[in-house]
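Below is one structure, written out as C-alpha cells; comments come after it.
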Amino acid sequence: EWSALQEGSLKRRCVVEESRLGTYADSEIRLVEIQEKLCSEEEKAFDQCHHLAEEHEALLEEWWFKSKASYPDIFYFLCIDKLLVCCPENHFGSDCKPCLGVW
C-alpha cells in the first residue's frame, strides 16, 4: 500500500523527469542526434540528402532554436518561407498563386 510520502516522492521524480525530457527535447544534443540520422533511410539519394542538409544547416538550426514554436512544420518554414522552392497547399506556380476551384 502506498503511503502519502511515497506518492509525493514519485510525483516529484516524475516532475523532474518531465522537465529533464523537455530540456532534452529542444537541446542541441537532440538536434545533433537527428542530423546524424537525417538521411539514414535514403538509399538512392543519400549523397544528395547529406549535401542539402549541409547546405542548409544554418536554416535548420534557426528553425530548431528560434522558430520551432511559430513554425511547428519544418517543411513550411524551410521549403515555403525560407528557400521558396514549394508553395503552400492549394497554391501553384513560381508565384504560388491560389488554385482555382479549390473548395
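The values are calculated or read from the model by the stated rules, or taken from the named source; none is laboratory data. Since the structure is predicted, the reported quantities are computational estimates derived from the model, not experimental observations. Using ideal geometry, Cβ is built from the backbone for each residue, glycine included, and neighbour counts are taken over all protein chains shown.
The residue that is modelled with the lowest pLDDT, among those in segment 65-103 that are among the small types (Gly, Ala, Ser) and farther than 19 Å from Ala25 by Cα, is Gly101.
If you go through segment 47-64 and pick out every residue that is under 26 Å from Ala25 (Cα atoms) and without any contact (Cβ under 8 Å) to a residue 24 or more places away in the chain, you end up with 11.
Determine, yes or no, whether Lys37 is modelled with pLDDT under 90, over 18 Å from the mean Cα position of the chain (by Cα) and exposed (fewer than 10 other Cβ atoms within 10 Å of the Cβ). No; evaluated as a whole, the condition is false for this residue. In a residue-by-residue description of segment 12-29, the property of being modelled with pLDDT of 85 or more, closer than 17 Å to Leu78 by Cβ, under 19 Å from the mean Cα position of the chain (by Cα) and surrounded by 11 or more Cβ atoms within 10 Å (Cβ to Cβ) applies to no position.
Name the residue that is surrounded by the fewest Cβ atoms within 10 Å (Cβ to Cβ), counting only residues in segment 46-72 that are of a type in the set (S, T, N, Q) and part of a helix (DSSP H, G or I).
Kept after step one, since they are of a type in the set (S, T, N, Q), are these residues of segment 46-72: 48, 67, 70.
Next cut, part of a helix (DSSP H, G or I) only: 48, 67.
Working: Gln48: 11, Ser67: 16.
Out of the qualifying residues, it is Gln48.
Show the residue pairs that are 6+ apart or on different chains and have beta-carbon atoms under 9 Å apart, the first residue being within segment 34-45 and closer than 19 Å to Ile74 by Cα, the second being part of a loop (DSSP other than H, G, I, E, B). Partner pairs satisfying both residue conditions: Cys39/Ala45.
Pairs meeting the criteria (first residue in segment 78-100 and assigned to a loop (DSSP other than H, G, I, E, B), second residue aromatic (Phe, Trp, Tyr), beta carbons under 6 Å, at least 6 apart or on different chains) are Cys99/Phe92.
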